[in-house]
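One structure is given here, and the rest of the page talks about it.
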Amino acid sequence: MSDHAGAAKVAVPELGAWLAFGACLIAVFMQMIDVTIVNTALPNLTADLGASRSAQLLVISGYALAFACTLLTAARIGAMVGRRQMFLVSVAAFTAASVWCGLAGGATELVIARVVQGAAGAGMAAQTIAILTAGFPRARHPLVFALYGGVAGFAGMLGPIVGGVLLTIDIGGWGWRSVFLINLPIGLFAFALAWKFLDRARPEGRHRLDLVGAALSGVGLFALIAGIAQIQQYGWRLDLVAVTGAGLVLIGVFLAHQRGRTARGDNPLVRLDLFGNHGFRIGSVLVGAFFGLFTAFVFAASITMQDVLGYSPLRTGMVMTLFALGAGAGAIGSLILVPRWDIRALAAGIALFGGCIGAGGVYLHLVDGVASALLCAGPVFAAGFGVGVFGVQLQPMMLSGLDADRMAEASGVLPTVEQVGNAVGLAVLTTVFFRSHSLGGSIMMMGAIAVVAFVLAGLTLAMPSRERRERAAAGVAHAAVTGRG
């Protein structure tokens with residue numbers, strides 16, 4: 001009897017942690033799918049709202065811009081008021097902003113609603129890693145972080161697919177608006193799960209918001225990303241270069257300010273000692289570059305298939321479904337490949353993606369844009385496979401050497417790196433492509449993506465080996481035991 005009672009005491013909290021984790025995964029799914037689902041609907045909403053090219057870009061980049069600029073502050077607010085409270089408020093705000101997007105009557109209103117949606121998404125994302133770290137023992141972390149990374153990656157891939165399906169079935173005659181309104185039932189479900197199962201513990205210790213740091217980071221990131229986006233649209237004008245340079249300077253001042261607060265024993269928005277860990281430092285570069293690469297790829301693929309090759313939204317979604325199936329196979333295959341080949345498996349995965357995209361560009365050039373779906377099926381699946389191997393395992397590897405305290409601090413830093421990568425990657429890699437919407441622009445874009453993927457493959461080999469990660473994890477565990485003693 002007592003054994004059964006003891007098992008129940010263990011199983012119920014474990015079940016609650018997994019259900020709370022489910023709420024986090026739903027939130028991650030909504031955040032990431034909204035980065036790419038709009039791409040498929042972009043031609044339709046452009047025609048309906050009469051959106052200019054600048055407005056089209058802002059519908060996409062405005063979301064990522066608001067997300068990136070508010071993540072660090074949202075993470076600190078979560079530490080102050082409680083992760084549960086911040087998560088619940090953010091889920092509610094994200095859901096409401098999604099409905100606003102779906103009901104927008106003009107392009108400007110849609111852009112504003114997307115900015116609000118991005119800021120609310122940051123409030124959700126900035127709590128996730130801290131929630132997962134607190135909810136599971138360290139032995140579970142590789143699994144939960146792999147699931148977290150996998151859902152984030154797959155949501156981005158599924159965006160064009162889901163968007164194509166929603167536009168095709170046209171629920172209630174809502175057209176492109178349904179890609180936003182679909183978040184209403186999903187958001188309500190995530191809120192209900194989080195309300196019931198998220199840990200109600202009050203925040204430990206005294207946290208104060210670094211207002212100067214919040215202002216420096218927010219304004220600096222805004223100037224940097226907005227400046228790059230405007231350069232992408234209007235070229236290397238002196239005023240835009242000055243705005244981008246000012247953003248870099250402000251970020252530098254922010255980092256110096258954070259170093260000073262740490263030295264004085266104050267709570268910084270970013271603990272710079274996170275980057276003293278070799279795996280986290282290299283992994284941050286890889287994550288930022290990969291998310292930028294992937295966002296640019298999904299955007300370019302959607303526009304290329306619809307505007308250049310003349311595909312319907314449904315056919316575009318079918319092609320991306322094949323890519324997503326390959327990514328799913330890669331994610332499963334990584335469970336076999338990574339234990340055997342370690343970081344070499346990740347390097348091979350992203351190199352496979354780059355090789356397939358580069359070959360696709362050459363193929364489109366040779367056939368002058370008249371592509372055979374049958375011949376393309378294999379490379380599309382293989383490209384997805386490579387992304388699955390790389391994307392799902394990268395974050396668990398880079399976080400494995402951190403202790404629980406520093407993992408919680410990574411809640412704001414890692415999503416910020418991802419979203420800066422999204423915005424910068426989209427702006428930089430689409431400079432020529434977005435202006436032309438031509439076959440030549442598409443081929444140039446594919447070539448640029450392939451080159452960046454090969455660079456990432458080489459950089460991946462600089463990540464710590466399995467032996468180094470295991471030694472780091474053992475050191476973390478020993479320090480935790482010694483501290484409790």
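Assorted remarks:
- Restricting the stretch 37-48 to residues that are surrounded by 21 or more Cβ atoms within 10 Å (Cβ to Cβ) and at pLDDT 80 or above, the residue that is farthest from the chain's Cα centre (by Cα): Leu45
- Ser61 being more than 20 Å from the chain's Cα centre (by Cα) and either in a helix (DSSP H, G or I) or more than 17 Å from Ile112 (Cβ to Cβ) (or both): no
- Considering residues of the stretch 250-273 that are under 24 Å from the mean Cα position of the chain (by Cα) and in contact (Cβ under 8 Å) with a residue 60 or more places away in the chain only, the residue farthest from Thr416 (Cα to Cα): Asp273
- Qualifying residue in the stretch 276-283 (condition: surrounded by fewer than 19 Cβ atoms within 10 Å (Cβ to Cβ), aromatic (Phe, Trp, Tyr) and within 30 Å of Ile350 (Cβ to Cβ)): no
- Residue count for the stretch 357-416, restricted to those that are surrounded by fewer than 18 Cβ atoms within 10 Å (Cβ to Cβ) and either among the hydroxyl-bearing types (Ser, Thr, Tyr) or within 27 Å of Phe136 (Cα to Cα) (or both): 4
- Looking across the stretch 166-218, just one residue is modelled with pLDDT of 85 or more, under 14 Å from Ala23 (Cβ atoms) and in a loop (DSSP other than H, G, I, E, B), and that is Leu198.
- Residue in the stretch 141-164 that is in the same structural domain as Phe390 (by TED's automatic domain parsing) and over 22 Å from the mean Cα position of the chain (by Cα) present: no
- Of all residue pairs spaced 6 or more apart or on separate chains, none has beta-carbon atoms under 6 Å together with a first member in the stretch 297-308 that is outside the structural domain of Ile443 (by TED's automatic domain parsing) and a second member that is surrounded by fewer than 24 Cβ atoms within 10 Å (Cβ to Cβ).
- Top-ranked residue in the stretch 274-285 [being free of Cβ contacts under 8 Å to residues at least 60 places away in the same chain and under 21 Å from the mean Cα position of the chain (by Cα); ranked as nearest to Ile77 (Cα to Cα)]: Phe275
- Filter result (modelled with pLDDT of 95 or more and either under 14 Å from Phe297 (Cβ atoms) or β-branched (Val, Ile, Thr) (or both)) within the stretch 338-351: Ile350
- Residue match in the stretch 340-352 (condition: in a helix (DSSP H, G or I) and without any contact (Cβ under 8 Å) to a residue 12 or more places away in the chain): yes
- Check on Ala51, touching a residue at least 24 places away in the same chain (Cβ under 8 Å) and crowded, with 22+ Cβ neighbours inside 10 Å: no
- Some residue of the stretch 268-285 being farther than 30 Å from Val392 by Cβ and either at pLDDT 90 or above or not β-branched (Val, Ile, Thr) (or both): yes
- Flag for Asp34 being surrounded by fewer than 22 Cβ atoms within 10 Å (Cβ to Cβ), among the acidic types (Asp, Glu) and modelled with pLDDT of 75 or more: no
- Only a single item in (1) of a type outside the set (Asp, Glu); (2) modelled with pLDDT of 95 or more; (3) not in a helix (DSSP H, G or I) is not met by Val370, and it is number (2).
- The stretch 108-125 residues that are closer than 24 Å to Ala79 by Cβ and at pLDDT 90 or above, paired with ones that are among the acidic types (Asp, Glu) and in a helix (DSSP H, G or I) (beta carbon under 8 Å, 6 or more apart): Gln117/Asp34; Gly121/Asp34
- Odd one out for Ala359, checked against (1) modelled with pLDDT of 80 or more; (2) touching a Ser or Thr at 6+ places or on another chain (Cβ under 9 Å); (3) of a type in the set (A, V, I, L, M, F, W, C): (2)
- Residue that is in contact with a helix residue (DSSP H, G or I) (Cβ under 8 Å, 6 or more places away or on another chain), within 25 Å of Gly175 (Cα to Cα) and part of a helix (DSSP H, G or I), where the choices are Ala289, Ala300: Ala300
- Put simply, of Gly378, Gly386 the only residue that is without any contact (Cβ under 8 Å) to a residue 12 or more places away in the chain and part of a helix (DSSP H, G or I) is Gly378.
- Of the candidates Ala55, Ala47, the single residue that is among the small types (Gly, Ala, Ser), assigned by TED's automatic domain parsing to the domain that holds Thr168, closer than 30 Å to Tyr311 by Cα and out of contact with any helix residue (DSSP H, G or I) (no Cβ under 7 Å at 6 or more places or on another chain) is Ala47.
- Screening Gly412 against (1) in contact (Cβ under 8 Å) with a residue 24 or more places away in the chain; (2) of a type in the set (Gly, Ala, Ser); (3) over 25 Å from Gly121 (Cβ atoms) leaves a single unmet condition, (3).
The values are calculated or read from the model by the stated rules, or taken from the named source; none is laboratory data. What you are looking at is a predicted structure, and each value in this text was computed from that prediction instead of being measured. We place every Cβ from the backbone using ideal geometry, glycine too, and count neighbours over all the protein chains shown.
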